[in-house]
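Visitor: Have a look at this one.
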Amino acid sequence: MGDSKEAGAESPPAGAAARGGLSLLSQGESEEPSAQGSALFLGGNEVKSRAVVKYSSAPPRTAFARLEEKTDLKLPPANWLRESAKLGPAGTTILGNSKKSKPFSSFGMAYDFIDSVGNDVDVVSDSENIKKLLKIPYSKSHVSMAVHRIGRTLLLDELDIQELFMRSSQTGDWTWLKEFYQRLIDQKWQRKKKSKEHWYQKAILSKFLYYSINGDGAAQPVPSAAEQQGPSSSDQATDSDGASWPAPFEMPSSVSEDPSASGQGSEPLEPSYIVGHVASAPKEQNLTTLFNDGENSQGLKNDFVRNILWTFEDIHMLVGSNMPIFGGGRYPAVSLRLRDNNKPINVLTGIDYWLDNLICNVPELVMCFHVNGIVQKYEMIKTEEIPNLENSNFSTKVIKDIAQNILSFLKSNCTKEGHTYWLFKASGSDIVKLYDLTTLCEETEDKYQNPFTMPVAILLYKVACNMMMKKNQNKKHYGTIRTLLLNCVKLLDKSRHPQIIASANYMLSELFQLDEPKKEESSESPLNENSDESYSEEEEELADSDENGSYGTGSDPSDDNKAVAIIKSVGELSVPEKYKSIHQIRPSCTFPVCHDTEERCRLVLSYVLEGLKSVDSSIKKESDLPAADPNTPIPLKYEDESTRGGPEGLEKQMALFLDKMGSLQKGNYSSQSGMIPGSWQHKMKLQLILKSSKAYYVLSDAAMSLQKYGRALRYIKLALQSHDTYCCLCTNMLSEVLLFLSQYLTLCGDIQLMLAQNANNRAAHLEEFNYQTKEDQEILHSLHRESPCQGFAWATDLSTDLESQLSVSCKCYEAANEILQFSDLKSQNPEHYVQVLKRMGNIRNEIGVFYMNQAAALQSERVVSKSVSTAEQQLWKKSFSCFEKGIHNFESIDDATNAALLLCNTGRLMRICAQAHCGAGDEFKREFSPEEGLYYNKAVDYYLKALRSLGTRDIHPAVWDSVNWELSTTYFTMATLQQDYAPLSRKAQEQIEKEVSEAMMKSLKHCDVDSVSARQPLCQYRAATIHHRLASMYHSCLRNQVGDEHLRKQHRVLADLHYSKAVKLFQLLKDAPCELLRVQLERVAFAEFQMTSQNSNVGKLKTLSGALDIMVRTKHAFQLIRKELVEEFDQPKSDESAPAADPSPGLSREEVIKLLSIFESRLSFLLLQSIKLLSSTKKKTSNTEEDVVLKTNKQIYSQLLRATANRNSTLLERIDVLIQLLDQLARGGSGGQ
C-alpha cells in the first residue's frame, strides 16, 4: 500500500497539521471542498449523518472519464498501476475497495488524532470494519475483531484468527489461543481460499478505475510482465497470503512527534519534553519480535487516504477510508462503482454503498454496468435513494438501531482499559460472542504474547501525555489520566520498556498537587477511591443481565466460563435500544481522595520510586557499581560533636557548601553511575529526584505543623539529600530549583530551632528521626548511586547540644539567604526573601538571648570574686554581636517592631553588664560605680532607640508598652542604686540627690498608671514606690539640712506632696497594705519632726491633730492586713501567694508585727502629747469641743495601754483592737484646731 504520510506531505498544509494532532473541534482545511463542510443525509427514516474530513492525502479531485460502450475492461489501460499526479501514489486509491484492513489500523489513526481519543470519539476504526459490524444481522459471513477501550473510546481492528494460527504453528506464540479456539469455537469454519473469480473481479475493478482517470480512455494493452512490476504495495501484496501483522514492532514517526513540547519553555516540572523522548522509546530498545515476518513493518501507520470524523446519529466515529472519490463539472463529488449487469444489487451491497457515501460525505453514486468485462451503461443514484433500490431495500432506521445496539453492547462489556477483547461470530452462526483475550492470555506463562499489548500501552501513554499537556483542563480529568497511566504501566514489561514506565510514573506523581490547599483535595464529582479501573466490579457484573444477553444459550455449556458476553441472536440488534448501555463512562475516573498531605506525598513517592527503579535498571554500567542491598538501611553518618568543633566546624562546612553552590552556576556534573548527560535516563532521573525532594519537603512541613520535629528533620534531610543528588547531576541549575533549596534550608532552620526549644522531648524526637520506611531506604539507595548525599549533612544532624542546634539553625537561614544572593532570586521572590531575613533576625535574637542568659547564670554563681570573668565578657560580646546582626536584618526589611524588640534585648544585656559590675563585697562600703552608670546609660540609649524605631504607640501597643516599662525600670534601678549606695566618695550629696530626683521623674514619666492593662497594678506600685522614695529623700534632706530656709521649705512641700501621692497610689492597690502603713507612719514621723520646731501650743496641737488624722486613715491598711490574715487562717495549707503580676507575693508576718509595734507606740505617743496639750489649754480656757476630744483621747489611750500590756493577745486580736480604737478616734474627733 502506498505511504499516505508521503502523500500527506505533498498535499496542502491541512494534512500535515492533522498529523500533528488536530483537535476534533476544528474542521481543518481540505483539498476536497465539498467534503470540508457537513451534510445532512436523510434516508427513508431520516437518519442524521455528518462527516468532516480531518485529513486527506488524496490529490485534488478530477472528473471521472465516462467510458464508451463496449470498452473491454479485461484489457489493461496504458497507465495501469503507474504513478499519476491525478491519482497520487499508485495503489493508494486503487486499493480503496480492498476489504482487508491492517490489524493495527485504528492505532495508527488514534496516534495521529490523540486529542480525540478518550474524550469525544466513541469509535476509531477502518470504515470496512464499521460496515462489517452494521451488516451483522444481514450477513452470514464470519466476524472477528479486536476491541480495545481507551477512556470512552473503543478501537476496532480486524483480527484474522486463521492467519494468527498459521503464525502460531511456526513460532508457537499463539498456541494458547489456538487451543482455546479449537476447544470452544465452531470448528467447522475454515478459512476460504480466494477463488479465481475474486481475483478476476479485483483486476477488472482496478483497470476500470485507471480507465476512469485516463483522459483519452484508450484501452492500450500492456505487456503481461507489467502486472508483476507494480509497486510492492499492490493489491495482491496485501491481500495474498503475505503477512499483514507487524514483525518487530516499530513506532510510527508521528508517535515521536511532540506538538506540545515547543511551548513549554524551560519549566522543569512539566513532563512535556520528557514525553517526546519516551514516546519514541521502542525505537531505542530491543523489542522482542512478535512475528517473524519482515514484509510489513509499518503495522501502526495511518495508511488511510482519508481520516474522517463521522457523526452517525449520536455516535461519534473516527473512520479511515480509502474509497476513490471523483468530482468536477456537474458532479462535485461522486463515488464510482462497477457492477455486473447479470447480478442484481443485494441488501449487503446497498448498505455497503450507502455507508461508504455517508462516511465520505459523497452525495451521489455513479454505477457502471458491464457484462463479462464489456462496459454497457452508466447510472447516477443519489445517496439518499440507495436504501430504496430494487432488491436492495433496507431501513436506515434499523441500521441506526444496529449501530447503537452494537456500541452499547461493546461499551457495556469491554470495561477494562488495556485489555484486548475479541468479538467473534462464526460463519453462518447467529450468535455473537465477546471474549477477554488478556484474561485468557494471563492464564498462560507469558502475558506479553498478546501482540496488542505494546500498541495499547503506547496509546494509553500517549492519550495520558496529551491530556497532561492541556494545562487549562479541569482537575476532574486527573482520574482519567491516572487510570490511563496505571493501565499502561500494568501492560508493559519493566525490563523491556523502562523509559515509558519511568515517564508514566513521573506523570502519575505530577497528578498530585503537593502544595494544594486541603479544600481542593476532593474533586467536584464523587470519586471511587478503591478501584484502578474506570468501572467498579459491580458494574461489570451487571453485564450478565437479560437485557444485555445472558449466558447459557450456546451449544457448549463451557461457553459460560469464557465469554464475557453473548448476543444470543443477531436479530436482537435490530430491536431499538435492546442493548441500551447502562455503563456511561464517568467524567472523572477514580482519582484517589487523599485525606491528608502525608497520604498524598506517600503516593507521589511510591510513583517516584518506581520511576527511579526503571531508570536505574536501564543504566548499563550498573555492574561496575559496588553492590548495595536496597533493603539494608544506609548508615547515617553521625559525628561526635567534639570532633566536629561546634560552631567553628560549622563555619568550615558552610564555606564548602557556598563554594559548591558557586560551582553549580558554572554547571559542574558528577554522576557516579555513569549516566550520560542529556540521555533520557539523565533527564528523567533529574525530574524524579526533584519531585521526591519536593514531596519530602511537603512531608516535613506537615510534620512540623503537627509538632513532630524529629520526623520533620528526617524528611527535610531526605529532601536535602535528594536536592544534593540533583545538584550533582544537574548541568544547568535553574533559578527555580535554587529557590526550592532556599525554601528547604529555611524549613530546616525552623525545625532545628523548634528542636532547640523543645529539648525536654528529645528522646521521642530522636526516635522519630532515626526511623526509616522501606520506601525511603530504596529512594535513598537510588540517590546514593549518583552522589554520596553528604552536601547538607551539617544542616540535618540531630544534635543534643542547645548551642549547636541554634547555630545550625542560624547557618541554615544564612545559607538560604546566600542562595537568594546568587542569582536574581531576591528581587524575583521578595516574600521569601523577607521571610528568610525575618528568620535570620529571630534566630540571632534567640542566640543572643541564649548567650545573655548564660552570662547571667555565670554572674549569679560568682560570689567571692569581685572582678568580672573573661568568660562573662566573651558571652557579652557574642550576645551583643548577635543582637546587632539581628537588628540589621530587621531594619533592612523595615520591620520596626522586631527591631525594637532586639534593641530592647540589647538594653537588657547592658543592664546585665551593669549588674555584673556592682560590688559583691562588703555591703556597707559599697558605692554605685561609674561602670554601672555607664552600662545603665547605654541600656537607656537602646530603649530610647527602640521607642524611636516604633515611632508611636499605635504601631504595636504591646511592644511599645513593654519598652516603656523596661526604660522606666532602668531609670528606677539607677535611681534606687544611687540612693541606696550613694557614691559620696565621688559626688556631693546635693548632686546625687539631683540625679536621683531626675532619674526617678524620668522613670515616672515612662510609667503609665492610667491605661487599663495587665501591667497597670505594677505601674501603680512602681509610681507609688517612686513617690515614697522621693518623699523619704526630701524628708531626710529636711532632717539633715541646716541653714537655707527657702530650700528647707521647698523640701518640706515636696516631701508632703510625694507622701500624699504615694498614699493615693498605694490605696488603689489591694495587695500593698504594709507599704501603705509604712508611708503613713513616715508621714506621722514627718509631722512629729515638724512639731519639734514649733513653739506655740496651738500650732503643736494642730500638727498633732493632723498626725492623728493620718493615723485614722491607716484603718484601710489594717483592714486589708486583717483580711489576708483571716484568709491564711481559714486555708492554712493552701498556697496563698498572689498572682505573678502583683507587686507583693504575700504577707510577711514579721513585717506586720514590726509595723504594728511601731504604730502602737506612735499612736500612744501622739495620744499622750494630745492629752497633755489639751489638758494645759483647758486650765486656761474652757472649750466644750476640746473637752470631748480630750475625754475620747484619754479613753482610747487607756484602752491602748491595756491592749499593749496584754502579751498573750494574737496578731489578729491586736489588729482588731486597733481598728476599733481608730473607729472611736474617727467618731470622737482628734481636735479640729
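The values are calculated or read from the model by the stated rules, or taken from the named source; none is laboratory data. Worth saying up front: this structure is predicted, and the values here are computed from it rather than measured. Backbone-built Cβ (ideal geometry, glycine too); neighbour counts: all protein chains shown. To get the accessible areas, we keep the full protein, side chains included, count just its heavy atoms, and leave off ligands, DNA and RNA. Shrake-Rupley method; radii C 1.70, N 1.55, O 1.52, S 1.80 Å.
Visitor: For region 713-865, what % of the accessible area comes from carbon and sulfur atoms, probe 1.4 Å?
Guide: 50
Visitor: Moving on to the next point. Rounded to the nearest whole Å², what accessible area per residue is found for region 860-1001 with the 1.4 Å probe?
Guide: Counting only protein heavy atoms, the per-residue value for region 860-1001 is 49 Å².
Visitor: Separation of region 784-825 and region 372-445 by C-alpha centroid, Å?
Guide: 68
Visitor: Where Rh is the Kirkwood radius over the Cα pairs of region 857-1000, the temperature 20 °C and the viscosity 1.002 mPa s, what D in µm²/s does Stokes-Einstein return?
Guide: 131
Visitor: Right, something else. For a quick check: with amide H placed at 1.01 Å from N, whose amide H comes under 5 Å from Ala63's, ignoring anything fewer than 5 positions away on the same chain?
Guide: Counting only residues 5 or more places away or on other chains, the set is Gly327.
Visitor: Could you derive backbone 3J(HN,Hα) for region 1156-1173 from the dihedral phi with the Karplus parameters 6.51, -1.76 and 1.60 (θ = phi - 60°), listing whole Hz in sequence and x where the residue is Gly or Pro?
Guide: 5, 5, 4, 4, 4, 5, 5, 5, 4, 4, 5, 4, 5, 4, 4, 4, 4, 5
Visitor: Among all lysine pairs in region 1060-1124 that are eight or more places apart or on different chains, how many have alpha carbons less than 28 angstrom apart?
Guide: Lysine pairs meeting the criterion: 14.
Visitor: Could you rank the peptides 1083-1096, 453-466 by their average count of other C-beta atoms within 10 Å per residue, with the highest value first?
Guide: The densest-packed peptide leads the list: 453-466, 1083-1096.
Visitor: Kindly state, as a whole number, the per residue volume in cubic angstrom of the convex hull around the alpha carbon atoms of region 330-405.
Guide: 91
Visitor: A further question follows. Kindly write out, for region 898-915 in residue order, the coupling ³J(HN,Hα) from the Karplus curve 6.51 cos²θ - 1.76 cosθ + 1.60 (θ = phi - 60°), rounded to whole Hz, with x marking Gly and Pro.
Guide: Calculated HN-Hα couplings, in order: 5, 4, 4, 5, 5, 4, 5, 5, 5, x, 5, 4, 4, 5, 5, 4, 5, 4 Hz.
Visitor: Can you give me the three principal axis dimensions of region 759-823 from its C-alpha atoms, in Å, biggest first?
Guide: 39, 34, 14
Visitor: List the residues whose amide H sits under 5 Å from the amide H of Gly418, counting only those 5 or more places along or on another chain, with H placed 1.01 Å from N in the peptide plane.
Guide: Amide H neighbours of Gly418: Arg149.
Visitor: Around Trp960, under 14 Å between beta carbons, what's the net of Lys plus Arg minus Asp minus Glu among the other residues?
Guide: Every neighbour counted, the sum reads 0.
Visitor: Two decimals is fine: what is log10 I(q)/I(0) at q = 0.22 Å⁻¹ for region 965-1102, from a Debye sum with one equal scatterer on every Cα and no solvent?
Guide: For region 965-1102 at q = 0.22 Å⁻¹, log10 I(q)/I(0) is -1.36.
Visitor: What are the residues whose amide H is under 5 Å from the amide H of Lys54, where those residues sit 5 or more places off or on another chain and H is modelled from the backbone?
Guide: Residues meeting the criterion, in which the H sits 1.01 Å from N, are Asn307, Ile308, Leu309.
Visitor: Per residue, how much space in cubic angstrom lies within the convex hull of the C-alpha atoms of region 339-492?
Guide: About 210 Å³ per residue, rounded to a whole number.
Visitor: Which pairs in the list Lys885/Lys1002; Lys708/Lys885; Lys131/Lys494; Lys562/Lys613 are over 32 Å apart, alpha-carbon to alpha-carbon?
Guide: From Lys885/Lys1002; Lys708/Lys885; Lys131/Lys494; Lys562/Lys613, over 32 Å: Lys131/Lys494; Lys562/Lys613.
Visitor: With only alpha-carbon pairs counted, each pair once and no self-pairs, how large is the Kirkwood hydrodynamic radius of region 764-864 in angstroms?
Guide: Over region 764-864, the inverse of the mean reciprocal pair distance is 16.9 Å.
Visitor: Which whole-Hz couplings ³J(HN,Hα) result when phi for each residue of region 985-1000 is put into the Karplus expression 6.51 cos²θ - 1.76 cosθ + 1.60, θ = phi - 60°, listed in order with x for Gly and Pro?
Guide: Computed from phi, the couplings for region 985-1000 are 6, 10, 10, 6, 4, 4, 5, 4, 4, 5, 5, 5, 4, 4, 5, 5 Hz.
Visitor: Enter the per residue convex hull volume of region 703-770, computed from alpha-carbon coordinates, in Å³ rounded to the nearest integer.
Guide: 69
Visitor: Still on this structure, I have one more. Out of the total accessible area of region 1043-1129 (probe 1.4 Å, heavy atoms of protein only), what percent is carbon and sulfur?
Guide: For region 1043-1129, the apolar C and S fraction of the accessible surface comes to 55 percent.
Visitor: Given C-alpha coordinates of region 926-980, what is the ratio Rg to Rh with the Kirkwood estimate of Rh?
Guide: Ratio of gyration radius to Kirkwood radius for region 926-980: 1.08.
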